[in-house]
Structures are given as C-alpha cells and as structure tokens.
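Please read the structure below before turning to the comments.
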Amino acid sequence: MRYAFVSDIHANLQAWNAVLDHIHEQNITQIINLGDVVGYGPSPKEVLDSVRKHSQISVIGNHDAVCGGRMDTSFFNKHAHAVIKWTQQQLDDEDVQFFSDMPAEARPTGASFLVTHAEVVDPLKFSYIITEENAEKNFAACEDQLIFIGHTHQPGIFVLDQYGDITIDNPISVTLDSDKRYIINPGSVGDPRSSDIVASYCTYDSETRCLTYHRVAFDTDAYRLTLKASGLEEEPYFIRYLDAVNAHTQSPPHIRSLNTEIAGKPKIDLMPERPEPPTQKKGKAGITITLLLSSLFIGIATWITMSHLSKNDTATIDPAKQPISTEEKQPTPASLPVIKKQVPSPKRIVNIPPTTNFPVARYIRIVGRSQYPLHFAEVEVYSNKSNIALAKKATQSSTQYKASFASRAVDGVTKGSVGAKLAYTRVESPKQPWWEVDLGKDHRIEAIIVYNRQASRKLRGRLNGSYIILRNEAGDTVYRMPQTVIPSSGLIKAPMRKK
C-alpha cells in the first residue's frame, strides 16, 4: 500500500489544497493525518471538513485537543492562545465531538507502523522529539519499527540501528532498512518553519519500503487575503518571517530553533515572536553609543579569549575558518533586535615548535573499538601549520550507513552537534571499524585534530579507546597514538612528536 502522511495543517486551506492535489498524483491508497488540523490559520472549518473527507486515519494534535475540550491553553503562548480561542468559535458541535473522539495514537489495520502527533511515551502530554535522547526514550516506549510523528514542524528522520546508535537524517528519498527502526516526521503542511516557505509531507510504500519527502509550493498571497478577511489579528510564523525578509532582505531574520523554544516547557505550543529587523534610523548619539558599546564588548571578549589562550599556548584561533553554529539562543528583550549573531565553536590549530622532529606519513588512520561504530565530525591534519586533509580522498571500513560517507570527515564541517553530517563507519565483530585519509604523498605531520560528536554523551563516548596510526608511502607504521579517553568538548588535539 502507498500512504501519504500529513501533519500540522493548521487551518491553512491554500497549503492543504496544494498538498491534496499533489497527493492525488502519487497513486496513494490512504492519507494519514498526524494532527493539528486547526490552530494558527484562518480556515479551520473548511480544512477540517476536507481532512475528514479525504483522510482515512487521524490522530489528535494539541491544538485539536483544546478544541475537543481535552486540554486547556495554559501552556500556549499569547499568540497561539488568541488564535485557538477564535478557532473554537468557528467550529460546531459535530466538529468538537470529532476532536473529542480522535485517538491519541493508531496502528492502521494491516500496516506495520505506529502514528501519533508528538510522542509515544505519553501521547497526550505532547512533548517534542528533537534530540537523540528524546528519540531514545520513544523507541524504548514501543516495539514498532516505524513511528510517524509531527508536532515540531521540522521534517526529518531518527534512525536507530542494531548497535543502539541513533542518528538524524533529512533525506529526499530513502529505502528503509529492515534491520533498523525509524521515527519519521513529515514536517508541516500549513505552518512551515524553515527558510523556504513550502508545505511538507511524505509518502511511504509498504511493499518497496521507499519513503519519499515532498515539498509543495502554495499561494501565500491568497492566504494573506483569507487571513485578512477572517478578522484574525494574529499571523502565523511563516507570514511574519516572509514580511521581515521582504522588508529587510539585506539581513533576513534567523528562524529560532525548536530546541530553544521548547526548553523546559514540555507541553508548550509556540508561535514565535515576530522576527524584528534591526532599527534602521538612529540619531547620532544612538549610533555613537552603540559603536562604543560594541567596541567595548569586542575588546572584553578578545581580552578574555587571549587570556584563556595564553594559559594554553598549544591553541590559537583562526576566525576565518570557524564553523558556523546553527544552534540558536533565546530571543533578546522586545527593545532589542531578535537577530543574534551565532557563536561558533572556535577552530583550534596546534602550534608545534619548528625544532621538533615530526613523523613523515601519507596515510592517517583512526581505529575504533571492536563491535562499536566509529563516528566523528571532522579530521584535520596539519603540516606547516596548514590543514592538508581537507577534501582529500577518505575511505572507511563500512559504508552501510548510506547517509554518511568517509569524505564527510574531511569536508571542512567541524560542527559535531545534532544534524551534522558525520563520518560513520562500522564492521561486524570481532573486526575493528576504521577511517583513513590519503594525503596523496608523504608529509611532515605536525598535528592531528579530531572533532568529536557533541550532541550525545553516549555517542560521544564511541571514540573512547580509539587510536591513530600514521603510515608512510611504503606502508610502514611511523607513529601510533593511543587514545583512551576522548574529552567531553569533542575536540582531540594530537601534536606529533617523533621519539
């Protein structure tokens, strides 16, 4: 059978109709609604009637639960609260009863998957699954191989392999492995929270096990007209984002991360504050004060950084090559711009005295422990204080995990947090997984830096017990660096000294 999974339509009739037309072109057997039919948008009645007509299975979302009298709005912010109160006035008794009877989770007849809106652990608590730790708890709460969820408005897949490792992927199309388990989020139809404002849903073929994501454009101008005609004063996030981008294209606002938005609020359903661009007009005094404060801040930050580095003269910072972090902070007060400069993890280069004797090698290999996968964000190899591993040929002991290739550890992306593209390798016991970069010829090796996985303590510990081997063009081992404990910072610095 071929299934279409839709979620978080949020009373957006234009997006829903566009997705519905697209679904009808996909030879779909069943449409499954993962919840939040209403809320935020101006067409709750029309969308609900259409969803009831076209979807074979629906589970309840938190906005639906409020309309069905099964949840209060105490955890909603003021924007979501105002819209849901208006929404309740647009629905009749039959609609309310539909939401009241809607199940929190379902396992369709003949299907081998579970569907729910937010989580498996406690479906009516509506907590978010956004980290590997969240996913681990939900995998443990059921035995289903496939779990389809919504709620975060972010398309993506959590993959649990037979080793117990959880990784995150965001593919366009993938064939699901029968040896793995998956938590699959199709994204949002009616309230996209990404920089490209399109409706998102996914399809799944139970015979071929092919999962495909679809991104469908919809008429935002028509949506604006419907919103204006409804009398709703609150706008959904994607409209406010578009307005801010159109008004200030030279500095578009950054979409706030769900990790930040839901921290400490397991039930909260968020409509983020309007992304305010920086104020364009300032008096001379205001500009002068701003410049003085900025200079003072930069001076203090520089002094602190240099003071810290002076205590450890093995590291310097190369700002031009710093990885850009997408992890976002809490919004600034209303009197300040919402846009915040991201603070990247500093790029560290090991300084080695020129008089040191260094090993000469062509191949740099990282060897892991038996039975455990080996994964990390980036490997840098320094010669003459320059990273010579970047974009070089890399190989690994296994490529079973199709979403991660050996070359990703020499692609210049040193970020080791959730969602980073990591090198990932493994072999079956009792062999040891390994990753290797070929530098093309022999080089004097001054230092090796490995950027570890940072998002999960469990995954970060996979590098513990690994070691590094250097071989020259003749194949001789010229250096072996044992490494038993990997620091929690995720950064391994291995200056090379030939004894």
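Here, each number is a calculation from the coordinates, and none is a lab measurement. From a predicted model like this one, the values you see are computed outputs, not experimental measurements. Glycine also receives a Cβ, built like all others from the backbone with ideal geometry; neighbour counts cover every protein chain displayed.
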Looking at the square roots a ≥ b ≥ c of the eigenvalues of the Cα gyration tensor of segment 118-218, which shape do they give, rounded for a/c under 1.5, prolate if a/b is larger than b/c, or oblate?
oblate
Segment 222-249 to segment 121-149: how many Å between their Cα centroids?
33 Å
Give a residue-ordered list of calculated ³J(HN,Hα) values for segment 34-41 (Karplus: 6.51 cos²θ - 1.76 cosθ + 1.60, θ = phi - 60°; whole Hz; x for Gly, Pro).
8, x, 6, 5, 10, x, 6, x
Starting from the Kirkwood radius over alpha-carbon pairs of segment 2-216, derive D by Stokes-Einstein at 4 °C in a medium of 1.567 mPa s and give it in µm² s⁻¹.
76 µm²/s
On a straight-distance basis, which aspartates and glutamates could pair with Lys393 in a cross-link, Cα separation under 17 angstrom, same-chain partners fewer than 8 positions away excluded?
Glu378, Glu380, Asp411, Glu436, Asp438, Asp442, Glu473
Over 32 Å between alpha carbons, listed pairs Lys53/Lys228; Lys53/Lys137; Lys180/Lys441:
Lys53/Lys137; Lys180/Lys441
The answer for GluC sites (Glu not before Pro) in segment 1-102 that fall in a DSSP coil and have at most 16 neighbouring Cβ atoms within 10 Å is Glu25
Please compute the net charge surrounding Ser206, taking Lys and Arg as +1 and Asp and Glu as -1 over other residues with Cβ under 15 Å from its Cβ.
-1
For segment 155-199, what D do you get in µm² per second when you plug the Kirkwood radius from alpha-carbon pairs into Stokes-Einstein at 10 °C and 1.306 mPa s?
134 µm²/s
